Each structure stands twice: as C-alpha cells, then as structure tokens.
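Below you'll find the structure, written out as structure tokens, and then a few comments.
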Amino acid sequence: MSINRNLLNIIIILCVCLNLGCNEGAQEKERKEVEFHTIQVSSLFPSSLSSCVLSPRASKTKSSLHVTHRHGTCSRLNNGKATSPDHINILKLDQARVNSIHSKLSKKLGTDRVRESQSTDLPAKDGSTFGSGNYVVTVGIGTPKHDLSLIFDTGSDLTWTQCEPCVKTCYSQKEPIFNPSSSSSYYNVSCSSAACGSLSSATGNAGSCSASTCVYGIQYGDQSFSVGFLAKEKFTLTSSDVFDGVYFGCGEDNQGLFKGVAGLLGLGRDNLSFPSQTATAYNKVFSYCLPSSASYTGHLTFGSAGISRSVKFTPISTITEGTSFYGLDIVGITVGGQKLAIPSTVFSTPGALIDSGTVITRLPPKAYAALRNAFKAKMSKYPTTSAVSILDTCFDLSGYKTVTIPKVSFSFSGGAAVELGSKGIFYAFKISQVCLAFAGNSDDSNAAIFGNVQQQTLEVVYDGAGGRVGFAPNGCS
C-alpha cells in the first residue's frame, strides 16, 4: 500500500513538473513573440512578383491615391518592370537632404541649436529625387486633365511640375511635359498678388517679376532646382475630388535627380501647401501608408474618412514652428522589450520631426549609440559584416532562411507608442549585407528625423488643424 502511495506521489510530482515545463515553454514562446519579429530573409528583398498588388484602402476610399515605390513594378514610370535602385547614391542624397533640413532649422532659430470631413486617397510610389527614397502619386492637372506622377513630400510646400516651353532645361520625365497653353483652366499669377508675396516662406526665395507675372524659384539640398511661373490651375485627385484655382509652380527651367517624375506635391504646413489650399474640403487632414515592397501600392488619403480607430496621436512640437516640417517629441525607445536608458534631454534638447522624404531615421548620437548597442546584443548569434555609407551596423545573413530580430518601438509625447513594422528595421543591400536602418547625427544639437523606412506599413496621420500626428499599424491593408 505504501509503495503504491509513493508511486502515486512520484507520478503527481512528475505531472506537476511537466505541466510547469509546458507553461514555462509557452511563456518563453509568448515572450519572444512580444519582443521579437521572426521573418523570412527573402522578405527583405524585392519580390519576384511581376504583377502589382493594389492597396485596398486606396481602391475603396473616396479621396485616396495609390502610392508606389519609385523603382517598383507598380510605378507608372517603369512600365510594370522593377528597376534596381542605386543604394549608395540613395544614401548619399539622403544625407544631403538631412543636412538641408538641419540647416533650415538652424536658420529659422537664428542659432546652431534647435529648440524645442471628407477624404481622398492617392496611391504612393517610391521615387528617387532631391531626397532619395521618395514616394510618388498620380494627380490630374489642367483641363482636360493631364495625369502626372508627382513625388509627395511633407517637408516641402510649393507644388510644381515641369512645363512647356522649357526655356532653359528640363530633365527627362516619363509622361509628356505639361503644356499650359493646352489647358483652358490655367492662368498666371500677378507679381503684386498676396500669393506671390508669400513665396518666401514657402520656398525660401522671394517671388520676382517678369512682365508683371510672378516668378518662383526653389532649390533643394542636393542642388536640384525648379524655376518658372507661379500659376493657378485645376487639380483632379479623383473623379469626385476636383479643385479649381490651386496655386502651383509651372517650371520652365528644372534640373536635378528627379528620375522620370513630373514634379512635386507639397504637403508641408505653409499656406501655399496643398493641405492648406484644400483646407475647406479636408481640414488639413491627410494620411498615408508607404508600401514595404515595390510590388505593392500604399495610399495617400486626404480627409478623415477611413482613418483607423486605433491611431495614437502625439502633438506637433514647437521645434518646427514657422517651418514646413511636422515636429515630434520623442520620449523613449524600446528594443526587444527593453526600454533604453536615454536621458530625456538627449531628445528634448535638439527636438525631432517626421519627414516622408528622409529615408533613414536620424537620432541624436547618444540615443543612436544606445539603440545600436542594444540591437547588436540581441542579434549576437548572427555574424556581423562591414559598414555601408552612413549605416554602421550590418549583418551577414547568408545561409539563413529566417531570422529573429528584436522589435523596435518609439514613444512620443502624449502617450503614443509606435512599434515599427518588421520592414522598418533593416536596410538590405544584399543577403550578406543587411544593415540596421538608423544613423546617428553628427552633432547633439541636430534634430532627430523619423524617416520613411521606419514609416513603412504604418498608417501615418497628419492633422494640421488639430496640431497632431498619429500612427497605427497595418496601414496599407
């Protein structure tokens, strides 16, 4: 009897231990899912899909445009064939844009230290221009309308397109250059108008006169430029979203690395920006999702229709007052479930902003060092390899089919916590050189910039009237 009782006790103990082991295994699995992404290595590279997968959001929402990757199969510029981007040049141009943003902020502050309804969707495509990894939408201009591919840019205000006649030079673009003489709704703006007088804040250059007609000029960080007439014209986003008398630049002398696009759609905060000019319809609200693959489209949507209920908002910070930019207050970064020990002043002293045209997120030197060290520690089982350009933390993933990478999330003021998608962490050159897609600024006083690699697949909402920016996951679906 006592033997049986002992056996019974042993069996009970074994069952309890086994059950605890199962629970511990389940808890460990759950912890990994919370703190890490497990991804296919092949997903880091362009898809072999020859067809284009359209964003449901852009297809279904009234005021929405498809956004496409400049080098992908979805782009009108590539005839359905993906092109190979020059990554080194993209990063070089990206640094030029970042330098230009930092310079603008310093000049605005007069110091080298930076302080603290309805909807319309446009599909976005990733283009290569004055920044580097920019995204493209198609907009109808004129009467009858001419569909033109424009880079959309939250860091610029004036919308412009190349125009005939090209008085000096026009770069090569895919679609026919817009000819204002063929449009019944086009007219030039007088140089005595208020709009001409406001060019200085929108472009950094005062308007000038040519036979009483207003002339604009705008130059970008990589020395690309556009010069021409300030004009008013009909803009068609969708069949139901048509705007008469939109101010834009009709550029007759244009040079730069715009690679086939017709011009630029300015989504900044100045009075001449497209959101400001369409404020009566959309109340300065727009949102987008940048596609993570060149075989998919995202969306650019004007107005509040279709915005996810799960969007978490953060106030637009004062760092960018009086500029085109949308400022953010970063208050923390978490890597693999571990909140990094970064003093709050590291972020608050230089401030931060979000930019659709900057590719790689820039962080203050101390914040970047903390992020890099924590990420490398959690990736210690994968072999490292040499740095590329501005990216100094790279891995050789040859021989791996899947990898487990730590999740990265940003905390912003107002309680908004944003977990980056799995595509928002790496920048892949080749399988033997996959790099952490963050870089440190050269100086503690330079603003942090939340770039477009990190924004991929997120729904990013700009509420200009409400003075806030919001984020939600799975924004392209």
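The local environment of VAL189, defined by Cβ-Cβ distances under 12 Å, has a net charge of 0 under the rule Lys, Arg +1 and Asp, Glu -1.
This structure gives Cα extents along the principal axes in Å, computed directly, and of (i) 77, 57, 44; (ii) 112, 49, 43; (iii) 79, 77, 46 that value is listed as (ii).
Each part gets one Cα centre, and for segment 429-477 versus segment 33-84 those centres are 17 Å apart.
Backbone geometry of segment 51-56 corresponds, through the Karplus equation with coefficients 6.51, -1.76 and 1.60 at θ = phi - 60°, to 3J(HN,Hα) couplings of 9, 10, 9, 7, 5, x Hz, x marking Gly and Pro.
List the relative contact order of segment 399-461 as a percent without decimals, with contacts defined as Cα pairs under 8 Å and 6+ residues apart.
Values: 52 pairs, mean separation 17.8, N = 63.
For segment 399-461, the relative contact order is 28 percent.
Rolling a 1.4 Å probe over the heavy atoms of the protein chains gives segment 277-357 an accessible area of 34 Å² per residue. Averaged over residues, the count of other Cβ atoms within 10 Å places the peptides 413-424, 225-236, 451-462 in the sequence 451-462, 225-236, 413-424, highest first. Amide H to amide H, with H built 1.01 Å from N, TYR135 comes under 5 Å of GLY127, PHE152, counting only residues 5 or more places away or on other chains. Annotation: amide H-H contacts under 5 Å for SER55 (H modelled 1.01 Å from N, sequence separation of 5 or more, or interchain): THR297.
Counting only protein heavy atoms, what percent of the accessible surface of the chain is carbon or sulfur at a 1.4 Å probe?
On the way: 10200 of 19500 Å².
The C+S portion of the solvent-accessible surface of the chain is 52 percent.
Net charge in the neighbourhood of GLY451 (other residues with Cβ under 12 Å of its Cβ; Lys, Arg +1, Asp, Glu -1) is 0.
Among 386-396, 264-274, 311-321, 202-212, how do they line up by average Cβ neighbours within 10 Å per residue, starting with the highest?
My ranking of the peptides, most packed first, is 264-274, 311-321, 386-396, 202-212.
3J(HN,Hα) along segment 97-107: 5, 4, 4, 5, 4, 4, 5, 4, 5, 5, 5 Hz, from the Karplus curve 6.51 cos²θ - 1.76 cosθ + 1.60 with θ = phi - 60°, whole Hz, x for Gly and Pro.
Kindly identify segment 431-477 as rounded, prolate or oblate by the Cα gyration tensor criterion: order the square roots of the eigenvalues as a ≥ b ≥ c, call it rounded if a/c is under 1.5, otherwise compare a/b with b/c, prolate if a/b is larger, else oblate.
On the way: a/c = 5.05, a/b = 1.24, b/c = 4.08.
Judged from the Cα gyration tensor, segment 431-477 comes out oblate (a/c at least 1.5, b/c at or above a/b).
Answer rounded, prolate or oblate for segment 317-464, using the Cα gyration tensor with square roots of eigenvalues a ≥ b ≥ c: rounded when a/c is under 1.5, else prolate when a/b is larger than b/c, else oblate. Verdict is prolate for segment 317-464.
From helices alone, the chain scores -6500 deg cm²/dmol at 222 nm; the rule is -39500 (n - 2.57) for each run of n ≥ 4 DSSP H residues, then divide by the residue total.
Close amide H pairs (under 5 Å, H built 1.01 Å from N) link GLY451 with THR361, ARG362, residues at least 5 positions away or on another chain. Checked against a 26 Å cut-off, the cross-linked pairs LYS104/LYS284; LYS174/LYS430; LYS312/LYS339; LYS104/LYS378; LYS376/LYS430; LYS92/LYS339 give Cα-Cα distances beyond that limit for LYS174/LYS430; LYS104/LYS378; LYS92/LYS339. Remark: segment 422-435, residue by residue, has Karplus-estimated 3J(HN,Hα) of 4, 7, x, 10, 10, 10, 9, 8, 7, 4, 8, 8, 10, 10 Hz, where x stands for each Gly or Pro and the curve is 6.51 cos²θ - 1.76 cosθ + 1.60 at θ = phi - 60°.
Can you give the net charge of the other residues whose Cβ lies under 13 Å from the Cβ of LYS92, counting K and R as +1 and D and E as -1?
Net charge in that neighbourhood comes out at -2.
The values are calculated or read from the model by the stated rules, or taken from the named source; none is laboratory data. Keep in mind that this is a model prediction, so the values were computed, not measured. Don't worry about glycine lacking a Cβ; one is built from the backbone with ideal geometry, like all the others, and counts go over all protein chains shown. When the accessible area is computed, the model is the full protein with side chains, heavy atoms only, and any ligands, DNA or RNA have been set aside. Shrake-Rupley method; radii C 1.70, N 1.55, O 1.52, S 1.80 Å.
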